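Read the structure below first, then the notes.
All of the numbers you see were taken from the coordinates with simple rules; none came from a lab. Just so it is clear, the model here is predicted, and its values are computed rather than measured. Quick reminder, even Gly has a Cβ in these numbers, built from the backbone with ideal geometry, and neighbours come from all protein chains shown.
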Amino acid sequence: MTGGRPNILFLLIDCLRADMTCGEGRLVVTPTIDRLARQGTVFLQTIAAANATPPCVATILTGVYPFRHGTRTMKGPRPSKDCIMLPEILQANGYRTAAMVTGPLLPSLGLNRGFDRYVYREEGETLLSSFFDVVRSSLNQGSAEPWFLLLHLWELHRPRQIASGFDHARYGSNPYQRAISSLDFYLGRLLSSLDFDRTILVLSADHGEGFANALWDSVALWTMKRKLVKRIATSMRNPSRFVHRFWVGHGVFLYDFLLRVPLFIVGGGIPLGRIVRDQVREIDIVPTLLELAGISLAKGIALDGRSLVPLMKGERLPEIPAYAEAVGRGAGKPVAVRTSRLKLICAARSGCIRDELYDLESDPEERINLARHRRDLLREMHQILEGIRSDNVGLAGPGEGALSAEEDRELEKRLRELGYL
């Protein structure tokens, strides 16, 4: 790209797993995503900061972990005002900013800070509907000012949205995979006229997803199944064997099928066809986009993440462990720390859930819990976790504040409609 700041289109695809976008043996049909991989840089090991949408989106927009921005549950609280958000920074540097969101991302959660327009739509308004024309029209509007658009897509969330002609085994073995193949087709149409010379495209996800066969994935069984699986899994010494086979959806657990998300950065002079295998984190997205846009942070603003531009240029960066937490509060909720080799899942502050330790090199599906047999590695990972905590003493953000009674009722109603409660 020559002259001026680039436009930024951020495609945030709810529930999209990293292993559905790259790698051999995929049953999905994704010519658009495959083409984007050839046209830009792909990060194969991008780790989400949480397992549900609100804390993940707050993390993506602030570049700091949930314990700093404060949004740690499905119902808030709002991100701390001490944490500046990406659209606020872009807005201050001449960008027009807009977001089109759905699901639990109601304006009351406070994720609308810095957006000139924050459009909340019903979850039925997907790219398979007339909403497609709304988005395409927005992308084709010329402007002398650079723009940033966050497009939150809901097609993969339950109930999966599958276009006519894609509900067939050749597009995937289950509804989740077929929904990905279907969405890819519409993404191809949407991006066909995008000016990649002037625009940086980011394709990522808030978190991943569990999926099983069509019957287990049905909406009618969701509430019963979730309670049953959670009760059985938490009572087992090694729940991962059961969870990996039967879990559908997200939340509760911190296995890699929920934490590994795709990250594609395309256009605007981004290196073509580069595959980055180093572990990176959701908190790294903000500093990366700011460097690509030529924007420096004001003094006194500290992010947890770092720019990934050196990796995009083929340079090396020292590995930094990734931290993630389950939604909720309290000592008993699960947290995780991950390196490129090892993964620890444990209780936030007490021993009320069993430690789980996995060697990701020999056991990438996290089925063999080493916690009882490799005490040396277990101690090492606990020390890394405590180091992350101690480095952030006094930085834990309380959030901007709880929702009002009316906002709380509205959000609870929405979460019930979406099957979260």
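A few remarks follow.
- Across the range 63-70, computed HN-Hα scalar couplings (Karplus, 6.51 cos²θ - 1.76 cosθ + 1.60, θ = phi - 60°) run x, 10, 6, x, 5, 9, 7, x Hz from first to last residue, x flagging Gly and Pro.
- Neighbourhood net charge (12 Å Cβ-Cβ; Lys/Arg +1, Asp/Glu -1) for ILE8: +3
- Placing unit charges on the Cβ atoms only, positive for Lys and Arg and negative for Asp and Glu, gives the range 9-147 a dipole magnitude near 300 debye about its Cα centre.
- The chain: relative contact order as a whole-number percent, Cα under 8 Å and 6+ apart: 26 percent
- 3J(HN,Hα) from dihedral phi, the range 194-200, Karplus parametrisation 6.51/-1.76/1.60, rounded to Hz, x for glycine, proline: 6, 7, 6, 5, 10, 10, 9
- Burial ordering of ASP19, ASP376, ASP133, fewest other beta-carbon atoms within 10 Å first: ASP376, ASP133, ASP19
- For the range 143-197, a/c is not less than 1.5, where a ≥ b ≥ c are the root eigenvalues of the C-alpha gyration tensor, and a/b tops b/c. That puts it in the prolate class.
- Taking amide hydrogens as placed 1.01 Å from N in the peptide plane, the amide H of GLY401 sits under 5 Å from those of ARG78, each at least 5 positions away in sequence or on another chain.
- Exposed-loop-free span, longest in the chain, where GluC sites (Glu not before Pro) count as exposed if DSSP calls them loop and at most 15 other C-beta atoms lie within 10 Å: 123-314
- Ascending count of other beta-carbon atoms within 10 Å, so fewest first, for SER296, SER138: SER296, SER138
- Which listed pairs, of LYS81/LYS333; LYS75/LYS333; LYS81/LYS299, have C-alpha distances above 19 Å, in listed order: LYS81/LYS333
- Cα gyration tensor category, rounded, prolate or oblate, for the range 110-159 with a/c compared to 1.5: oblate
- Of all segments of the chain bounded by trypsin sites (Lys or Arg not before Pro) found in a DSSP loop with no more than 11 other C-beta atoms within 10 Å, the longest spans 1-236.
- Across the range 288-298, computed HN-Hα scalar couplings (Karplus, 6.51 cos²θ - 1.76 cosθ + 1.60, θ = phi - 60°) run 5, 5, 5, 5, 5, 8, x, 10, 9, 6, 5 Hz from first to last residue, x flagging Gly and Pro.
- In percent, rounded to a whole number, the relative contact order of the range 1-127 is 15, using alpha-carbon pairs under 8 Å and six or more apart.
- Amide H contacts of LYS343 (H built 1.01 Å from N, in plane; Pro and chain starts excluded): TYR358, LEU360 sit under 5 Å, all sequence-distant by 5 or more or on other chains.
- Exposure proxy ranking, count of Cβ atoms within 10 Å, fewest first, for LEU111, LEU27, LEU156: LEU27, LEU156, LEU111
- Charge dipole (the chain, unit charges on Cβ, about Cα centre) - positive-most of ILE368, LEU191, ALA50: ILE368
- Per-residue ellipticity at 222 nm, computed for the chain from helices alone with -39500 (n - 2.57) per DSSP H run of at least four residues, works out to -8500 deg cm²/dmol.
- Whether the chain is rounded, prolate or oblate, judged on the alpha carbon gyration tensor where a/c under 1.5 counts as rounded: rounded
- Furthest towards positive pole of dipole, GLY332, LEU378, MET312, structure part the range 287-379, Cβ charges: GLY332
- Overall, the chain carries a charge dipole of about 960 debye about its Cα centre when +1 sits on the Cβ of Lys and Arg and -1 on the Cβ of Asp and Glu, all other atoms neutral.
- Charged-residue dipole, Cβ positions (Lys, Arg, Asp, Glu), the range 301-356 about Cα centre, Debye nearest 20: 40 debye
- Close amide H contacts of CYS15 (hydrogens built in the peptide plane, cut-off under 5 Å, sequence separation of 5 or more or a different chain): ASP206, HIS207.
- Other residues whose C-beta falls under 14 angstrom from the C-beta of GLY314 contribute a net charge of +2, scoring Lys and Arg +1 and Asp and Glu -1.
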